[in-house]
Amino acid sequence: MKKKKKRQVRAFSIAASFLMTFSLIAPGVASAESNSNLHRSLNDSNKVSEAKVSDRLLSEFKNDEKVKFLIKFNEKADTQQVAKEAKASSAKANLSAQKAELIQRSAVVSELKATSLTSQANVKQYLAQELEKGNVKDFNSYYIVNGIAVTATKEVAEKIATFAEVEKILPNETRELFTTV
């Protein structure tokens with residue numbers, strides 16, 4: 001019985017020693033690998049930035065240091081589904097048509113706001129930091145389209161493009177609709 005116990009203690013000690021040794025070596029190996037991938041990672045983020053930033057916007061930065069641009073986010077609220085669910089819950093509660101419509105609108109607006117709050121949080125935090133540094137003149141969030149209008153430098157626009165939640169960065173252009181005769 002004692003021999004069996006000694007063998008178990010010895011096996012445990014060997015296993016523990018091996019794990020401790022491995023835990024000392026592993027961070028060094030991981031660090032060496034991450035350093036070799038660092039240059040590749042920077043190149044990849046530059047390519048992502050170029051793909052997301054509009055060429056028209058980049059040309060505007062040639063004339064001005066700070067330009068107004070729009071940030072479009074990937075995440076979209078499923079407003080049709082939210083409206084459908086709100087309509088169903090209103091029907092179950094036997095509400096009047098007017099109240100049901102009001103609840104539907106409120107549910108859609110709430111969903112749009114919640115989506116924009118979560119998807120824009122990191123970018124807004126970054127913009128607030130850059131606002132204090134003077135690289136951002138101002139910014140406004142729009143929950144209906146899940147976007148932000150920003151007046152900032154080219155460097156800020158390129159940095160924002162590296163955020164995963166950002167779909168595109170576009171110039172702030174005036175668009176006119178043609179009237180029919």
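The values are calculated or read from the model by the stated rules, or taken from the named source; none is laboratory data. Everything quoted here is computed from the prediction, not taken from an experiment. Reconstructed Cβ throughout: ideal geometry from the backbone, glycine too, with neighbour counts over all protein chains shown. Please note that ligands, DNA and RNA were not included when accessible areas were found on the heavy atoms of the full protein model with its side chains. Shrake-Rupley method; radii C 1.70, N 1.55, O 1.52, S 1.80 Å.
So the values come out like this:
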| quantity | calculated |
| --- | --- |
| Of all residues in the stretch 123-153 being touching a residue at least 12 places away in the same chain (Cβ under 8 Å), out of contact with any Asp or Glu (no Cβ under 8 Å at 6 or more places or on another chain) and not in a strand (DSSP E or B), the one that is most open to solvent (accessible area, probe 1.4 Å) | 144 |
| Flag for residue 118 being more than 30 Å from residue 156 (Cβ to Cβ) and either aliphatic (A, V, I, L, M) or surrounded by fewer than 19 Cβ atoms within 10 Å (Cβ to Cβ) (or both) | no |
| Scope the stretch 154-181; condition in contact with a strand residue (DSSP E or B) (Cβ under 7 Å, 6 or more places away or on another chain) and assigned to a helix (DSSP H, G or I); matching residues | 156, 157, 158, 160, 161 |
| In the stretch 145-181, the residues that are of a type in the set (Ser, Thr, Tyr) and modelled with pLDDT under 90 | 174, 179, 180 |
| The stretch 50-70 residues that are open to solvent by less than 100 Å² (accessible area, probe 1.4 Å), paired with ones that are modelled with pLDDT of 85 or more and assigned to a helix (DSSP H, G or I) (beta carbon under 7 Å, 6 or more apart) | 52/161; 53/157; 53/158; 53/161; 57/157; 61/154; 69/157 |
| Condition broken by residue 86, with the remaining ones in (1) at pLDDT 90 or above; (2) surrounded by 19 or more Cβ atoms within 10 Å (Cβ to Cβ) satisfied | (1) |
| Odd one out for residue 103 among (1) in contact (Cβ under 8 Å) with a residue 12 or more places away in the chain; (2) open to solvent by less than 60 Å² (accessible area, probe 1.4 Å); (3) among the aliphatic types (A, V, I, L, M) | (2) |
